[in-house]
Amino acid sequence: MIHYYLVLLLFALLGVVISAVLALIPGLHVYNVIGFAFLAYLAFFPWLDDLMFAMLLVGMLTGFALLFTITTVYLSAPDDSTMFMVMPGQKYLLQGRGHESVLLTGIGSLVGIFFLVVVLTMLQHQIRVIREVTQDHWFWIIGAVIVYILMSEFPKDFGRSKTTLGKLRDAWKTLAAGYLTFLLSSILGMIIFYKTTMPIDRTFQSLMPPLVGMFAVPNLLINIISDMEIPKQHVCKSVDVTPEEVFRGGGSGCLGGIFGAFMPAVTAGVAGLISGHATAQKGDKPFIISMGASRMVYYVGAVMLFFLPGLHLRRGAIGIFINLFFVPETAEQYYLLAAAVAVSGAVAFILLLLISRSIVKILDRVSFQKMSIAVLFVIILIVFAMGGPMAVLTMSVGAAIGTIPIVFHSRRSNCLAVILVPIFLNMAGIGPQIAAWMGLM
Amino acid sequence: MKGLTHFVMGITIATCFPLAVKGAVTESSLILLLGGIFGILPDTLDFRLAKYLEKHDYDIDPDPHNIDPTMIARRMAEAIDEAWHTGRKVQIQFHTIKMSADLWRQYKIMIDQDNKRIVCKIGPLVTTGKSPLPETEPPEDKAHGEWPFKANVLHTYDKWTYVDIFSGPDFAFVPEGDHIRIDFIPFHRKWTHSLTVPFLFMPIGFLLYGWNEMGYTASLIILFSYWGHVLLDQTGMMGSNLLPPFTKKRTKGLGLARSNDAIGNFFTNYMCGAIALWNINYFSPHQVLGSDFVRWFGITGYWPAYFVGLANLFVYYVIPVLVPLYIISKLYMKYHQPEEGEEGLPETATKEERAALEMIKSMEGYEST
């Protein structure tokens, strides 16, 4: 039996190694890769033990949750879960502290792993109860997240206008841009949910083009247009962070991550933002740590909630994919999963440090603008390969929407209406009517 | 408290209405969201509307390339004296100094009421996260300015006011008896943070749900969630004008917590979350957590069982979490002296200056992310 366990852990580690390569390709989301891995599994490895393949996917997911930090910080190509990290991440990069930013995110991810393996495991009973109590209420909780996003943004710049109307106009510019972003994202989301632009055999990738367009492309365009150059990066041997900052950032991130993993439609970025507000977070370091923790708990927590005995909550593509070929049944499998997450996380953290150091050396030699052009080219190529010209077109629409908040300094979280609104409307039972009204059905 | 805390508290208040919870489960009603909306509305009104309705007699907008601290101090002193001589309210707005996309020049103003003078100091460049950049302070002779004023003033807030990121603060100088009362950010917590204003919003409940029990419930949710915000804010440093048009002045807060206080916000959110969870369980058509144990004590009534169950939840899930956390945080604060230079201030900042920064944050009371 022990050999079997070790083989399972080896598969998880193999997943980490695969993710170490794939996470460096900007724009490629782990769920895209897992989708294709699943197709490959059915076609070429049907003889493989189901749990072994599940562990491979879990290893990939854990590795990806940590290693995607590299593309976010160094290449400014975030996804929906790392979008808020770009600002502080790029600030650190411009101060020659990109590696430190990566380290802080890694520390946050380790806190997230500790939370998943120890705290979540201890709270199994409570989570089952919370699920049972709240499951009839998820639709309005998602509605509450939407309302909060819309109501909590305040004007950031005070105009110099002398008249009341002029002041209001200056102040409401950013708010109006935010609402426009929200509206356009909602419409795009409805179109994607009801009339997918992807080929029929790749509909599971439907969200990829708009998300890449909204979160990765605008940053790259700004990098290219602004001809930004980054200073020589300092590879620090230690990181200046207090236990209080780790506790506050990590705790807030774990809260946000588990909220996102538990609730449908709520992704790590927005969940992290909300938990940051709930715990009155302040400062760049706790923020970066919280984003690392939130992302780890969001992605890997989704699998753990699926494996949790008596719960089997399917959240995110990972739970859905695994559920296609494997149904967790025993507590033993849950504890094996927890062990695999712990080991994969530790190995991924070491890989993160090594890869970050190597990337810093490359960054010192290559122009940041040229690298941004190359990354943009790779992203377009991947999207085209996934879904053809329609996917590229959808990505372009997403990019146009995602550029609005950057230009007008409004919140990027408004873009998440692309996921939140269609799911909320469907769960509230009015999605089909609105889709019909929009001519989508 | 933070906007989210008010929002969560509003929703929690909404879950205290059995009809609203039942409506959410059986009719997919969104009535509970009214609690969140009206829970956060007072701050939304202040920072999206009331702030821009203020008229300022003085606008201080320093030249980024030639900042004159004496000019800033003089203008403020003049504004105070104008209020003193004319007997009318005078308002002054301080604008921030934006240097680049993420850099701002910090300056701070002190109202020295004992020596009757305004002191202005130009500080370092700070990021939007309020982190100062080292060695960016101007030379001492260009960084300091002061100007005397004649009026007797009553200034009840911290001595120093910082002007650094986004929009700057404003003051109102109000003649009051033999002195000038100084109101910090006078637009905040006036009519919007009162117990009387939500009565104006109550008809929205009837408009949305009709002249029936549901409409009545929605109106009460609007009223109580708004009141929840106003009352929760009384725990801070600054109170509010509670009963306009009968009262005119803002009260002082209880000073129990600040809006950006992590412990205060977390405790409130955790407690609200626990209460909301109990409410949606108890008032739902199908209860998951039974309260049969209550009957062992001879309690059979609907509401007595509710309260005993809620108390039970506190005993098992609220007190064991919050009490140790409170003790640990207090011990931590007792034995951990903040190092100079923390909290985004120059290393030379005094404890008083730090308190002032905290004050400003507590006054702002909203998130900027």
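Summary table below
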{"item": "Looking only at the stretch A:133-149, and only at residues there that are buried (at least 18 other Cβ atoms within 10 Å of the Cβ) and more than 8 Å from chain B (Cβ to nearest Cβ), the one that is nearest to A:Arg412 (Cα to Cα)", "result": "A:Ile149"}
{"item": "Output for the stretch B:57-92, where each listed residue is in contact with a Pro (Cβ under 8 Å, 6 or more places away or on another chain) and within 14 Å of chain A (Cβ to nearest Cβ)", "result": "B:Gln91"}
{"item": "Matching residues, the stretch B:248-272, being free of Cβ contacts under 8 Å to residues at least 40 places away in the same chain and more than 10 Å from every other protein chain (Cβ to nearest Cβ)", "result": "B:Lys248, B:Lys249, B:Thr251, B:Gly253, B:Leu254, B:Gly255, B:Leu256"}
{"item": "Meets criteria (part of a loop (DSSP other than H, G, I, E, B) and away from every other protein chain (no Cβ under 14 Å)) for A:Pro78", "result": "yes"}
{"item": "Filtered residues of the stretch B:43-87 (kept if of a type in the set (Lys, Arg) and either modelled with pLDDT of 95 or more or within 21 Å of B:Thr161 (Cα to Cα) (or both))", "result": "B:Lys51, B:Lys55, B:Arg74, B:Arg75"}
{"item": "Where a residue in the stretch B:99-119 is more than 15 Å from B:Pro69 (Cβ to Cβ) and part of a strand (DSSP E or B) and its partner, wherever it lies, is at pLDDT 90 or above and basic (Lys, Arg), with Cβ under 9 Å and at least six apart", "result": "B:Met99/B:Arg105"}
{"item": "Residues (among the β-branched types (Val, Ile, Thr) and either part of a helix (DSSP H, G or I) or in contact with a Lys or Arg (Cβ under 6 Å, 6 or more places away or on another chain) (or both)) located in the stretch A:13-36", "result": "A:Val16, A:Val17, A:Ile18, A:Val21, A:Val30, A:Val33, A:Ile34"}
{"item": "Residue count for the stretch A:153-175, restricted to those that are assigned to a helix (DSSP H, G or I) and touching a residue at least 12 places away in the same chain (Cβ under 8 Å)", "result": "6"}
{"item": "Single residue of A:Thr82, A:Thr69 found to be modelled with pLDDT of 85 or more and of a type in the set (Val, Ile, Thr)", "result": "A:Thr69"}
{"item": "Counted residues, the stretch B:185-236 - those being of a type in the set (Ser, Thr, Tyr), out of contact with any Asp or Glu (no Cβ under 7 Å at 6 or more places or on another chain) and under 30 Å from B:Ser167 (Cα atoms)", "result": "5"}
{"item": "Members of the stretch B:1-18 found to be assigned to a loop (DSSP other than H, G, I, E, B), crowded, with 24+ Cβ neighbours inside 10 Å and either touching an Asp or Glu at 6+ places or on another chain (Cβ under 9 Å) or more than 10 Å from chain A (Cβ to nearest Cβ) (or both), listed by number", "result": "B:Met1, B:Lys2"}
{"item": "Filter result for A:Ile187 (free of Cβ contacts under 8 Å to residues at least 40 places away in the same chain and away from chain B (no Cβ under 12 Å))", "result": "no"}
{"item": "Checking A:Tyr41 against (1) crowded, with 24+ Cβ neighbours inside 10 Å; (2) at pLDDT 80 or above; (3) hydroxyl-bearing (Ser, Thr, Tyr), the condition it does not meet", "result": "(1)"}
{"item": "Residue selected from the stretch B:19-30 under the condition in contact with a Leu (Cβ under 8 Å, 6 or more places away or on another chain) and more than 8 Å from chain A (Cβ to nearest Cβ), by the criterion surrounded by the fewest Cβ atoms within 10 Å (Cβ to Cβ)", "result": "B:Val21"}
{"item": "Test: residue in the stretch A:100-123 that is under 22 Å from A:Cys254 (Cβ atoms) and facing chain B (nearest Cβ under 9 Å)", "result": "no"}
{"item": "Answer residue from the stretch B:96-106, given it is out of contact with any Phe, Trp or Tyr (no Cβ under 7 Å at 6 or more places or on another chain) and surrounded by 15 or more Cβ atoms within 10 Å (Cβ to Cβ) and is nearest to the other protein chains (Cβ to nearest Cβ) among those", "result": "B:Asp102"}
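A quick yes/no check of all residues on (1) over 30 Å from B:Phe47 (Cβ atoms); (2) more than 14 Å from chain B (Cβ to nearest Cβ); (3) over 21 Å from the mean Cα position of the chain (by Cα):
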{"site": "A:Arg169", "(1), (2), (3)": "no, no, yes"}
{"site": "A:Ile191", "(1), (2), (3)": "yes, yes, yes"}
{"site": "A:Thr197", "(1), (2), (3)": "yes, yes, yes"}
{"site": "A:Leu207", "(1), (2), (3)": "yes, yes, no"}
{"site": "A:Pro210", "(1), (2), (3)": "yes, yes, no"}
{"site": "A:Val235", "(1), (2), (3)": "yes, yes, yes"}
{"site": "A:Glu244", "(1), (2), (3)": "no, no, yes"}
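The values are calculated or read from the model by the stated rules, or taken from the named source; none is laboratory data. Note that the structure is predicted; figures quoted are calculated from it, not measured. We place every Cβ from the backbone using ideal geometry, glycine too, and count neighbours over all the protein chains shown.
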